[in-house]
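Contents: one structure, followed by commentary.
Bear in mind these aren't lab numbers, they're just calculated from the coordinates by the rules spelled out. If you're wondering where the values come from, they're calculated on a predicted model, not measured in any experiment. Here the Cβ is made from the backbone with ideal geometry for all residues, glycine too, and neighbour counts use every protein chain on show.
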Amino acid sequence: MRVLVIEDDAMLGKALVQALEDADMSVDWVRDGRLGEEAVAVGGHGFVLLDIGLPGRSGLEILRSLRLAGDKRPILMITARDELDDRVAGLDLGADDYLVKPFEVKELLARMRAVLRRHGGQAVSILGTSEVELDLSSHEVTYRGHREVLPAREFALMQALLDRPGTILSRTQLEEKLYGWGEEVESNAVDVLIHYVRRKFDKDIIRNIRGAGWMVPK
Ligand code: CA
């Protein structure tokens, strides 16, 4: 999964990027509210970590304009201890959860999984359809009874496709969900990932819709 971190504190931002990358996520980090607003508008990130006190534009303003635009992406607010009113306002504006600084990375990752579960409408850390299941904490994928632990990028591909089963994602949409800004993306990168996943399971696990993209059936 690709995560956007909007946080002006250099030490915390750096620690967040490191922690998320260690958890096999692809991370983009901006330190200014205006840039943050532009970055969320471009899209592609499956999760946003949003600081409230930011230069340029506050986290609450970013959150408000995002939700007003109908964007329902998971957003977890990062707040200071004395920002209770802002936390309440953030939840009212449609943030999915918040963490108060300082916090443990373990807790952040668990909260993110919980938010993703709620988005998937599941009670446990699993996304899936009748045929495919993804375990968000162990990175295991099960297809028709066959189970494999997938490397980060292959798992991210399946997560993107299973976020909305039955929805076709184009090459560009998949690239946006899988790769950060600075990363060089080979023109056949998505095909290669799909090839690896199919080889581990079965070619039918991901359907190709000619000229449009790929999907996992509902
Ligand atoms: Ca701040």
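For the chain, what does the helix formula give at 222 nm: sum of -39500 (n - 2.57) over DSSP H segments with n ≥ 4, over the residue count, nearest 500 deg cm²/dmol?
That calculation yields -12500 deg cm²/dmol at 222 nm.
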Restricting to the chain, what percent of DSSP beta bridges are antiparallel, rounded to 5? 45 percent
Built amide H within the under 5 Å cut-off of Arg57, gap 5+: Gly33, Arg34
Each residue of segment 138-143 in order: what ³J(HN,Hα) in whole Hz does its phi give by Karplus 6.51 cos²θ - 1.76 cosθ + 1.60, θ = phi - 60°, with x for Gly and Pro? 9, 6, 8, 10, 10, 10
Provide Rg over Rh for segment 2-120; use the alpha carbon set for both Rg and the Kirkwood Rh (inverse mean inverse pair distance). 0.91
Apply the Karplus parameterisation 6.51 cos²θ - 1.76 cosθ + 1.60, with θ equal to phi minus 60°, to every residue of segment 94-111 and state each ³J(HN,Hα) to the nearest whole Hz, in sequence, with x for glycine and proline. x, 5, 7, 5, 9, 10, 9, 5, x, 9, 8, 4, 3, 5, 4, 5, 5, 5
So how much slack lies between Asp71 and Lys101, counting 0.36 nm per residue of separation and subtracting their Cα-Cα distance, in nm? 8.2 nm
GluC sites (Glu not before Pro) within segment 116-212: DSSP coil, no more than 15 neighbouring Cβ in 10 Å: Glu183, Glu184, Glu186
Whole-Hz ³J(HN,Hα) from phi, Karplus 6.51 cos²θ - 1.76 cosθ + 1.60, for segment 2-14, glycine and proline x: 9, 10, 9, 10, 10, 7, 8, 6, 4, 5, 5, x, 4
In a shell of Cβ-Cβ distance under 14 Å around His139, excluding His139 itself, what net charge do Lys and Arg (+1) and Asp and Glu (-1) give? -3
So which chymotrypsin sites (Phe, Trp or Tyr not before Pro) in segment 34-109 end up in coil per DSSP with only 15 or fewer other C-beta atoms within 10 Å? Phe103
